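Note sheet for the following structure.
Since every read-out is calculated from the coordinates, none of them should be taken as a lab result. Note that the structure is predicted; figures quoted are calculated from it, not measured. A quick note on method: Cβ atoms are made from the backbone with ideal geometry, for glycine too, and the neighbour counts reach across all protein chains shown.
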Amino acid sequence: MVDFFLAISPIVAVLIILFVLRQSIVRAGIAGCLLALVIAISYFKLKSDEVLFPFIKGTLTTSSVAYFLLFGIFLFHLMNERGVIRSFAAIVAKSTHDPVRQVLILAVAFSPLVESASGFGLAAIVICPILIALGFRPVQAIIISLISLSAVPWGSLAAGTVIGSDLAHLDPQNLGTGTALLSLPIFAYFAIIMTIIADGWKGLKRRWFEVLLTSGTLGLSVWAFNAFVGVELAGVFGALSTLGVELAVIRFVTRREVDQQAESEIGAALAQEENFGKLKSLSPYLFLIGMLLFSRLVPGVAEVLKTHAVLSLPTYQFTFPFLYSPGFFLILVCIFTIWIFGIKQETITKSMKQTWIHWYPVIVSTLLFVIMSEMMSLSGMTQVLSQTAAETFGSAFLYITPLIGGLGGFLAGSNTGSNSMFIKMQVQTAHQLGLSEQLAAYSQNASSSHLIMANPSKVVLGASIGGVREQESALLKRMLLVGFGTVTIIGIELVVIRIVGWM
């Protein structure tokens, strides 16, 4: 029993520092990493010549994410500082005065696009003020904008999923595809809830087909891109596909409508912004997807990119092809964006500063959590946790994997942090019990990602943006109810999968 309490103490310490002491995720990572190191050396007898291994392995694992994340965030800030994101959001919001359709465009399609490209919940910050300008009540706008963070498994170009796949020893496409499958009904669940919040049951009754069409398009296109191309840009591709489908419905199936009041309010707010138009606003993402498709699908191209400019360290089971990584293509897209929008040096410099502000703490916290996870694994702490969980829950363990993953996402507010703490334990426990290791990893990644919208810090941020700080507790309770529904859906899916015998 002592083994178990010592093995779980780094995770408990992280959760206490985050949730009780309300310290930053970086401080929690430092504490968890140091505690894991002390316990690994003093109790689990980690050898002195093994101490450096988790630090080196963790640094290498994190570096692959840091590469493409750096330029992914830089691209977002270039477009945001130039006014491209806000201009496009205003254009699509004014395409219809129907509140349900506005939610489908902004929350079901556009928010996942921003989240996939940037991460950190920035999508909620982008769309919440626009929803309020369109006439939604602040509480409505806040809840819708938080629930719209549905693409977290692919947020920050799937950084959390990539880290999770490495720790679970799964192919990133495998983990991404499985997560997408479990997320299919969850996308519909989120879309239905947001529709009801926007316009009540009558709105759902009026637009039920469009709600299912857009959420189904998002889920299926995300799954398809994961399965056949790659995990990093799956969220971007899915969001663009969904946006195109909904705009096509508005344009060709029904007569286009424009709400003059909403148009005037947004127009006043954007008086100083330049209107770039839909196609030009999306051109950087379209260019990026085009290059990725070319590099992945054209015979011979992938082989060349995978075999040139490659860093290989067999001792640490690490291989990193610089030219095949999305980071290389993001560099090209950043250059393209600066050219096509005529971005000035002042804006570039400001974007670089904003990028550093968002990139640095994420990479540092990711590094610390990955090192902690590697330390726990190498010393045998993860194995102790797995064995205890297997003995306690038996084959029923699979059904509590969404609770564990959801708890990590809710408390840490980060899919990367949650996966670093729990995915190895979940997979190893499933292995000991003869359960599907892949299914346990899918459940961890999906539940962790989809509960981040209920993270207290994100709820507080939403309340601040909406100007209703006094309603933080009520907002948190509502988001927890949404999160409970998410965990329940994943649990039901796991039961069905076990009964049918798919895995």
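Here is the P(r) of region 274-372: all C-alpha pair distances, binned every 10 Å from 0, give 13, 29, 34, 21, 3, 0 in whole percents. Taking the helices alone, the chain has a mean residue ellipticity at 222 nm of -25500 deg cm²/dmol, built from -39,500 (n - 2.57) per DSSP H run of at least 4 residues and averaged over all its residues. The long axis of helix 2-15 is offset from the longest Cα principal axis of the chain by roughly 20 degrees. In plain terms, the bigger the Kirkwood radius, the slower the diffusion; for the chain, with that radius from Cα pairs, at 4 °C and 1.567 mPa s, Stokes-Einstein puts D at 56 µm²/s.
Neighbour counts of C-beta atoms inside 10 Å place Arg251, Arg207, Arg27 in the sequence Arg251, Arg27, Arg207, starting with the fewest. Averaging the sequence gap over all C-alpha pairs within less than 8 Å and six or more residues apart, then dividing by the number of residues, gives region 2-500 a relative contact order of 24 percent. Between 0 and 90 degrees, the angle of helix 397-412 with respect to the longest Cα principal axis of the chain falls at about 70 degrees. Computed from the Cβ-Cβ distance with R0 of 51 Å, the FRET efficiency linking Ala474 to Asp171 stands at 0.75. From most to least packed by mean Cβ count within 10 Å, the peptides 462-468, 351-357, 150-156, 181-187 give 150-156, 181-187, 462-468, 351-357.
Compute the distance from the alpha-carbon center of region 60-90 to that of region 148-200, in whole Å. First find each Cα centre; the distance between them is then 19 Å. What FRET efficiency do you get for Trp502 and Thr307 if R0 is 35 Å and r is their Cβ-Cβ distance, rounded to the nearest 0.05? About 0.45, to the nearest 0.05.
The slack in the chain from Leu220 to Tyr399, taken as 0.36 nm per residue of separation less the alpha-carbon distance, amounts to 62.0 nm.
In whole angstrom, note down how far apart the Cα centers of region 400-420 and region 207-223 are. If you average the Cα positions of each part, the centres end up 26 Å apart. With N counted as the residues of region 146-238, its alpha-carbon radius of gyration over 2.2 N^0.38 Å works out to 1.16. Helix 278-297 and the longest principal axis of the Cα set of the chain meet at an angle near 40°. In region 33-162, the alpha-carbon atoms span a convex hull of 125 Å³ per residue. Considering only Phe237, Cys33, Thr416, and ranking their Cα positions along the charge dipole of the chain that arises from unit charges at the beta-carbon of Lys, Arg, Asp and Glu, the one farthest toward the positive end is Phe237. Measuring against 29 Å, Cα to Cα, the residue pairs Lys353/Lys458; Lys45/Lys458; Lys57/Lys477 contain Lys45/Lys458; Lys57/Lys477 as the ones spanning a longer distance.
Under 22 Å of direct C-alpha separation, and excluding same-chain neighbours fewer than eight residues apart, Lys205 reaches no lysines at all.
Summarising the label geometry, the points placed 7 Å from Cα in the beta-carbon direction at Val460 and Val51 lie 3.6 nm from one another. Overall, the chain carries a charge dipole of about 680 debye about its Cα centre when +1 sits on the Cβ of Lys and Arg and -1 on the Cβ of Asp and Glu, all other atoms neutral.
Quick check on region 314-412: take the gyration tensor over C-alpha atoms, sort the square-rooted eigenvalues as a ≥ b ≥ c, and tell me if it's rounded (a/c under 1.5), prolate or oblate. Prolate, because a/c is 1.5 or more and a/b exceeds b/c.
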